[in-house]
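Written below as structure tokens is the structure these notes are about.
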Amino acid sequence: MTEENKKRFKITPVEIFVLFLVVLGFSFYFVPKAMISLEQKQYGRLQTNAAMMTSKILAEFSDNLKKQKPSEIIVKLTDEMNKLCTNPIDKTKPAYSINEECLGCVVLKADDKAKNVVITAKDKENKLVVRTVIQPPSFVTFNKDLKENDKK
């Protein structure tokens, strides 16, 4: 290669700086969008985990021939469901927990006197993602609107 060809293909520091700025601009645009999408998937999975547990609890109450207390039912179902489901946010923690809050856990609380179960799950900012109150044979559920981040 001649000296003249080497000069033509040489990249100057100014060109490198401009390329760096362009890549930086694209990353500032796309990385937050990817993170919002990831969080929406995680919170959607939390809502799905809570819905599955609601269904299992209602089925258990309807098939409850032994007249078990709600606290006994949630202990049995929590053990069973933790084998099948994973925590969508923190893989080291269980998907379901009894009375103990942890990041990404669906928390179950039973009241044997009122014969009801409350299921909650919170996001990383400690805001409710889902809350279900089960008073067999019915239940009421609140689900956070996962698309609200798009409105900002």
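Observations on the structure shown:
- Cβ-based charge dipole, the range 44-118, positive-most Cα from Cys105, Val117, Pro88: Val117
- Apportionment of accessible area to carbon and sulfur, the chain, percent (1.4 Å): 60 percent
- Ratio of the Cα radius of gyration of the chain to 2.2 N^0.38 Å, where N counts its residues: 1.69
- Here Lys147 and Phe20 are evaluated by their C-beta separation; at R0 = 35 Å the FRET efficiency comes out at 0.55.
- Ranked by the mean number of other Cβ atoms within 10 Å per residue, highest first, peptides 87-93, 114-120, 135-141 order as 114-120, 87-93, 135-141.
- Where the range 51-111 is the region considered: accessible area per residue in Å², 1.4 Å probe: 57 Å²
- Gaussian network model of the chain, Cα within-10 Å springs - most flexible of Gly44, Gly104, Gly25: Gly25
- Gain upon complete extension [Phe28, Asn64; 0.36 nm per residue less C-alpha separation]: 7.5 nm
- Summary value for the range 1-124: 19 percent relative contact order, contacts being C-alpha pairs under 8 angstrom separated by 6+ residues.
- Size of charge dipole - the range 1-113 - debye, nearest 20, with Cβ of Lys, Arg +1 and Asp, Glu -1, no other charges: 240 debye
- Using R0 = 22 Å, the C-beta based FRET efficiency linking Ile36 and Thr86 works out to 0.55.
- Globularity index of the range 53-93, i.e. its alpha-carbon radius of gyration over 2.2 N^0.38 Å: 1.32
The values are calculated or read from the model by the stated rules, or taken from the named source; none is laboratory data. Given the structure is predicted, the values throughout are model-derived calculations rather than measurements. Ideal geometry is used to build each Cβ from the backbone, glycine not excepted, and the neighbour counts take in all protein chains shown. Side chains are part of the model used for accessible areas, which takes the heavy atoms of the whole protein and leaves out ligands, DNA and RNA. Shrake-Rupley method; radii C 1.70, N 1.55, O 1.52, S 1.80 Å.
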